[in-house]
Structures are given as C-alpha cells and as structure tokens.
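A quick write-up on the structure given underneath.
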Amino acid sequence: MKPPLNLFQDIPEAISKEVVVELLKSEPVRIERIVSQGQFSPHGFWYDQKEHEWVTVLSGKAVLQLEGQEKAVTLGPGDTLYLPPHQKHRVEWTDPLQPTVWLTVFWKS
C-alpha cells in the first residue's frame, strides 16, 4: 500500500513544464494530478483521447477550448468538466503566476 499523498505537497515554486503524477492506475481507471504554471497546448494541437476524462481544478485557473464550441471554458477552484472519448480539446491558458493543480480521472467504457 502506498503512503497517503497530499495533493498540494511537492509542488515546485516555478515549473518550466507540466508535472504529471499518476496517483492510481487500475484497469479501467487512471487518476492523475497535473500541475501547470503558464503552460498551454502548442498552436494547432488538439488532445484526442480514447478514454473518458473528468477533470477538476483544485487551485489556480485554466482556460480550455473544446472543438466545435465557440466559447472557451474557464475553470477555477472547484470547477469540473467531463470530456467524452474523442472530444477534441486544448489548453489555451494556465495561470502563469501560480500553480494550477488539476485532478483528472480517465476511464475506458
């Protein structure tokens, strides 16, 4: 058994790239903590995942663009979003002044 983990522990003060920690992996579920600070998707890049994804922002702020939707989605602490398989999306912006801590749950149908 792994020792308890605090989702706000071991967050670097400044990061040059996203930090992904796999918290749980068990068929068919994967849970990750992602920490961003100013990172965003490269121009023209879209995530296109085979899995379902549920995401919540625990701290910080982010803006996501979903393919086919004109208006971007802004997520702050406590906000959640469900992305069905193959819902193309991209990260337009994460707060450059503070870490954005995401909790993501992925699962297969």
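The values are calculated or read from the model by the stated rules, or taken from the named source; none is laboratory data. Just so it is clear, the model here is predicted, and its values are computed rather than measured. Using ideal geometry, Cβ is built from the backbone for each residue, glycine included, and neighbour counts are taken over all protein chains shown. Each accessible area value is taken on the protein alone, full model and side chains, heavy atoms only, with ligands, DNA and RNA left out. Shrake-Rupley method; radii C 1.70, N 1.55, O 1.52, S 1.80 Å.
Being over 14 Å from the mean Cα position of the chain (by Cα) and among the polar types (S, T, N, Q), is that true of even one residue in segment 27-47?
No: zero hits.
Run ILE34 past the list (1) part of a loop (DSSP other than H, G, I, E, B); (2) in contact with a strand residue (DSSP E or B) (Cβ under 9 Å, 6 or more places away or on another chain) and report the number of the one that doesn't hold.
Answer for ILE34: the failing condition is (1).
Inside segment 55-109, can you point out the residues that are in a strand (DSSP E or B), more than 11 Å from the chain's Cα centre (by Cα), closer than 25 Å to GLU13 by Cα and not charged (D, E, K, R)?
Across segment 55-109, the qualifying residues are SER59, THR74, TRP93.
Looking at GLU53, GLU70, GLU22, which one is among the acidic types (Asp, Glu) and crowded, with 17+ Cβ neighbours inside 10 Å?
It is GLU53.
When segment 40-50 is examined, which residues are found to be open to solvent by less than 90 Å² (accessible area, probe 1.4 Å) and of a type outside the set (Phe, Trp, Tyr)?
SER41, PRO42, GLY44, ASP48, GLN49
From the list LYS50, LYS2, pick out the single residue that is free of Cβ contacts under 8 Å to residues at least 24 places away in the same chain, of a type outside the set (Val, Ile, Thr), closer than 21 Å to TRP107 by Cβ and not in a strand (DSSP E or B).
LYS2
Report yes if some residue within segment 70-81 is free of Cβ contacts under 8 Å to residues at least 60 places away in the same chain and in contact with an Asp or Glu (Cβ under 8 Å, 6 or more places away or on another chain); otherwise report no.
Yes, there is a match, as at least one residue in segment 70-81 is free of Cβ contacts under 8 Å to residues at least 60 places away in the same chain and in contact with an Asp or Glu (Cβ under 8 Å, 6 or more places away or on another chain).
Going by what's in this entry, would SER36 be described as among the hydroxyl-bearing types (Ser, Thr, Tyr) and crowded, with 17+ Cβ neighbours inside 10 Å?
For SER36, the condition - among the hydroxyl-bearing types (Ser, Thr, Tyr) and crowded, with 17+ Cβ neighbours inside 10 Å - is met.
Examine segment 86-103 for a residue that is surrounded by 14 or more Cβ atoms within 10 Å (Cβ to Cβ), among the hydroxyl-bearing types (Ser, Thr, Tyr) and either in contact (Cβ under 8 Å) with a residue 12 or more places away in the chain or farther than 14 Å from LEU7 by Cβ (or both), and state whether such a residue exists.
yes
Show the residue pairs that are 6+ apart or on different chains and have beta-carbon atoms under 6 Å apart, the first residue being within segment 11-30 and touching a residue at least 60 places away in the same chain (Cβ under 8 Å), the second being among the polar types (S, T, N, Q) and open to solvent by 80 Å² or more (accessible area, probe 1.4 Å).
Within 6 Å, no pair qualifies.
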